[in-house]
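> I have a structure here, written as structure tokens, and I will follow up with some questions on it.
Throughout, read-outs are computed from the coordinates displayed, never taken from laboratory work. This structure is a prediction, so every number in the text was calculated from the model and none was measured. In this analysis, Cβ positions are derived from the backbone assuming ideal geometry, glycine residues included, and neighbour counts consider all displayed protein chains.
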Amino acid sequence: MHGYDLLVVGSANADLVVGVDRRPAAGETVLGSDLAIHPGGKGANQAAAAARLGARTTLLARVGDDAYGRLLAQAQRTAGAETAGLLEGKDAPTGVALITVDSAGDNSIVVAQGANARLTPDDVAGARPLFEAAAVVSLQLEIPLETVAAAARTAAETSARVVLNPSPPAPLPEDVLALCDPLVVNEHEARRMLDQHAHDPGRHTPGGAQDGAASAEPQEPEEWATALLGIGPRSVVVTLGAEGALVAGPDGMTRVPSPRVEAVDTTGAGDAFTGALAMRLGRGDTLEQAVRYAVRVGSYTVTRAGAQESYPSAAELEKAVTAEATAR
């Protein structure tokens, strides 16, 4: 019996959001809405999503000794996550995402990494008891790559399953890719990872063929998944937005459709999907079972505004599933 279904290692940001009629051109000032401040960051989002669903969850992240850090810690506690791994320091402020959203719903984001950039392999080593207690470790790339690698390797040493979402996309060490079970990507991330791999002449496929000799660029999700499996991960999940997700592994590929919903806001939906997927794997689901659950969580999330505040509890999700079945 593990102490945690899920340990998330990643970023924690305060999201500062302003609505504008249009984004300013260079040198221009525009007036916006009142400033809204929300808890965010891919790591914090995933941990909050899993905890709200009832998972035993904790987050390893760094925040500053400031109001935003306290906001993020309280948001984790409110969601039901433990904060034993939330490290506070005076050497850097809490990470902040500056977000403008125009009248068409398009956004522009600038991230000041702050304390996220100070999460180190030494922090991972110091948190080893959390890894030893976790069934699954979930990672993203909004923290230093060396820290991601240290976390993946520590997870392997402690027999925890590794779930990794390469966002924002960056080349991963081959031994880290080989631990991913699954690698979770959307269309953009799949294309970027394959392009990065193909243009790195020092890398080779597990079978020994150099990636520079790859054939035509994959165009379909099944082709992306096949190509991604070829660069090393044990399994791959490709998220397809309103179309659901594709599961790919040693036993073949399966498309998992998404319930039809009216989307209001897609902010943080990918994090909710990954958090739900990881926690269900931690509960003992097969990968396909976990993806089927995560697709429902993601589809529910987009029907409400915001990121963490849109994430469902287990009871809310069950109510939505029951309503859907009754409507058929």
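> Under 5 Å between amide hydrogens, which residues at least 5 positions from ALA92 or on another chain qualify, with H placed 1.01 Å from N in the peptide plane?
Close amide H contacts, sequence-distant or interchain: ASP65.
> Show me, for the range 113-126, the HN-Hα J-couplings you get by feeding each phi into the Karplus relation (A = 6.51, B = -1.76, C = 1.60, θ = phi - 60°), rounded to Hz, glycine and proline as x.
Those phi angles translate into 4, x, 5, 4, 6, 9, 6, 10, x, 5, 5, 4, 4, x Hz.
> Given labels modelled 7 Å from the Cα in the Cβ direction, how far is it in nm from VAL321 to ALA170?
3.6 nm
> Set the Förster distance to 22 Å, then compute FRET efficiency between THR226 and GLN289 from the Cβ-Cβ distance, nearest 0.05.
Approximately 0.50, to the nearest 0.05.
> Could you work out [θ]222 nm for the chain from helices alone, using -39500 (n - 2.57) per DSSP H run of at least four and dividing by all its residues? Round to the nearest 500 deg cm²/dmol.
It lands at -10500 deg cm²/dmol.
> What is the set of long-range amide H partners of VAL136 at a cut-off below 5 Å, with H atoms built 1.01 Å from backbone N?
LEU6, LEU7, ARG161
> Between the range 273-328 and the range 66-145, how far is it from one alpha carbon centroid to the other, in angstrom?
Spelled out, the Cα-based centre of one part sits 23 Å from the other.
> If we sort 7-16, 251-260, 294-303, 73-82 on the protection proxy, mean other Cβ atoms within 10 Å, highest first, what's the order?
7-16, 294-303, 73-82, 251-260
> So if each residue of separation counts as 0.36 nm, and I subtract the Cα-Cα distance between ALA263 and ALA242, what length gain in nm does that give?
Gain on stretching ALA263 to ALA242: 6.7 nm.
> Taking amide H atoms as placed 1.01 Å from N in the peptide plane, list the residues 5 or more away in sequence, or in a different chain, whose amide H sits under 5 Å from that of MET253.
none
> While we're looking at this one, here's another question. Listing MET279, MET1 from the residue with the fewest other Cβ atoms within 10 Å to the one with the most, what is the order?
MET1, MET279
> When the Karplus curve 6.51 cos²θ - 1.76 cosθ + 1.60 is applied with θ = phi - 60°, which whole-Hz ³J(HN,Hα) does each residue of the range 234-248 get, with x for Gly and Pro?
Using θ = phi - 60°, the values come out as 6, 8, 9, 10, 9, 7, 10, x, 5, 8, x, 7, 10, 9, 9 Hz.
> Follow-up question, since we're still on this one. Could you derive backbone 3J(HN,Hα) for the range 62-77 from the dihedral phi with the Karplus parameters 6.51, -1.76 and 1.60 (θ = phi - 60°), listing whole Hz in sequence and x where the residue is Gly or Pro?
10, 10, x, 7, 8, 4, 5, x, 5, 4, 5, 5, 5, 4, 5, 5
> Apply 1/(1 + (r/R0)^6) to the Cβ-Cβ distance of VAL110 and THR303, taking R0 = 41 Å, and write down the FRET efficiency to the nearest 0.05.
0.90
> Right, next: Go through 233-245, 108-120, 40-52 and give me the packing order, highest mean Cβ count within 10 Å leading.
Packing order, densest peptide first, comes out as 40-52, 233-245, 108-120.
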